[in-house]
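Each remark here refers to the structure printed beneath this line.
The values are calculated or read from the model by the stated rules, or taken from the named source; none is laboratory data. None of the values given here were measured: they were computed from a predicted structure. Cβ placement follows ideal geometry from the backbone for every residue including glycine, while neighbour counts extend to all protein chains displayed. Note: areas computed on protein heavy atoms with side chains; ligands, DNA, RNA excluded. Shrake-Rupley method; radii C 1.70, N 1.55, O 1.52, S 1.80 Å.
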Amino acid sequence: MEVIYKLLEGSWEDDAVIRDTERSIFTDPAKVHEIGHEGKYFKVPGIAITEPSPQRTPVIFQAGTSKRGLKFAAENAEAVFVTSPTKELLKATVARIRDAAEAAGRGRYDVRIYAMQTVVTGPDSAAAQAKFEEYKSYAD
C-alpha cells in the first residue's frame, strides 16, 4: 500500500496534465516525478504510468475481519464489509474495528462499516419462515 499511495498521490502534480491537442502536449514532464521507493518487498524508482483520477486514491474496501484484515482496514480502508450471526457479535466486531482505527491514528468513525443482511422471501410469511429454517440448517 505504501508504494500504491506514493504512485497515486505523489507522482503527478495536480496541474501536470495539460491536454493541449493543438501543440500535441498531454502533460508537463516537469510535473511528473519518480517516487524512488525502496522498501522491504519492492523497489519502485519510477513514476505512475497513468494520470491521476480526480479523487487520486480509489475507495479502499475491506471484506472481513480476520486479524490481518482488521489491521489492513484500520490503517487503510474507508469501508469494511462484515457479517455476524447476532447483533451482540456484530456490536463487538464494530467496536474492534473502531478501536483498531483509533490505534492506527485514525478517527473511530473514519471507517464506514457495512453489515451483511440476508433477506429471505416467499409467497407468504409461512413459506418465507420455512425457507429461512432450511437456510439455517446449512450454517455451522
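Please give the number of the condition Val80 fails out of (1) modelled with pLDDT of 95 or more; (2) farther than 20 Å from Ile4 by Cα.
Result: Val80 fails condition (2) only.
Out of region 98-129, which residues are aliphatic (A, V, I, L, M) and under 24 Å from Asp140 (Cβ atoms)? Show your work before the answer.
Going residue by residue through region 98-129, those that are aliphatic (A, V, I, L, M) are 100-101, 103-104, 111, 113, 115-116, 119-120, 126-128.
Selection gives Ala115, Met116, Val119, Val120, Ala128.
Restricting attention to region 1-15, which residues are in a loop (DSSP other than H, G, I, E, B), free of Cβ contacts under 8 Å to residues at least 60 places away in the same chain and within 20 Å of Asn76 (Cα to Cα)? Let's see the steps before the verdict.
Within region 1-15, the first condition is being in a loop (DSSP other than H, G, I, E, B), and the residues that meet it are 1, 11, 13-15.
Narrowing the set further to residues that are free of Cβ contacts under 8 Å to residues at least 60 places away in the same chain leaves 11, 13-15.
Hit for region 1-15 is Ser11, nothing else.
Could you look through region 24-41, keep only residues that are in contact with a Gly (Cβ under 8 Å, 6 or more places away or on another chain) and farther than 23 Å from Val59 by Cα, and pick out the one that is surrounded by the most Cβ atoms within 10 Å (Cβ to Cβ)? Lay out the reasoning, then the answer.
Initial filter on region 24-41 (in contact with a Gly (Cβ under 8 Å, 6 or more places away or on another chain)): 33-35.
Still in the running and farther than 23 Å from Val59 by Cα: 33-34.
On the way: His33: 16, Glu34: 13.
Among those residues, the one meeting the criterion is His33.
Yes or no: Ile47 touching a Leu at 6+ places or on another chain (Cβ under 8 Å) and open to solvent by 40 Å² or more (accessible area, probe 1.4 Å)?
Numbers: touching a Leu at 6+ places or on another chain (Cβ under 8 Å): yes; open to solvent by 40 Å² or more (accessible area, probe 1.4 Å): yes.
Yes, satisfied.
Residue-wise test of (1) more than 16 Å from Asn76 (Cβ to Cβ); (2) in contact with a Ser or Thr (Cβ under 6 Å, 6 or more places away or on another chain); (3) at pLDDT below 95.
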{"residue": "Val94", "(1), (2), (3)": "yes, no, no"}
{"residue": "Ala101", "(1), (2), (3)": "no, no, no"}
{"residue": "Arg106", "(1), (2), (3)": "no, no, no"}
{"residue": "Ala127", "(1), (2), (3)": "yes, no, no"}
{"residue": "Tyr135", "(1), (2), (3)": "yes, no, yes"}
{"residue": "Tyr138", "(1), (2), (3)": "yes, no, yes"}
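Determine whether region 16-23 contains at least one residue that is closer than 29 Å to Arg96 by Cβ and either in a loop (DSSP other than H, G, I, E, B) or open to solvent by less than 40 Å² (accessible area, probe 1.4 Å) (or both).
First pass over region 16-23, keeping only residues closer than 29 Å to Arg96 by Cβ: none.
No, there is no match, as no residue in region 16-23 is closer than 29 Å to Arg96 by Cβ and either in a loop (DSSP other than H, G, I, E, B) or open to solvent by less than 40 Å² (accessible area, probe 1.4 Å) (or both).
Considering only residues of region 108-125 that are modelled with pLDDT of 95 or more and hydroxyl-bearing (Ser, Thr, Tyr), which is farthest from Phe61 (Cα to Cα)?
Ser125
Does Ser53 qualify as being among the hydroxyl-bearing types (Ser, Thr, Tyr), part of a loop (DSSP other than H, G, I, E, B), more than 25 Å from Ser11 (Cα to Cα) and open to solvent by less than 60 Å² (accessible area, probe 1.4 Å)? Write out each step before concluding.
Numbers: among the hydroxyl-bearing types (Ser, Thr, Tyr): yes; part of a loop (DSSP other than H, G, I, E, B): yes; more than 25 Å from Ser11 (Cα to Cα): no; open to solvent by less than 60 Å² (accessible area, probe 1.4 Å): yes.
So Ser53 does not fit the description; no.
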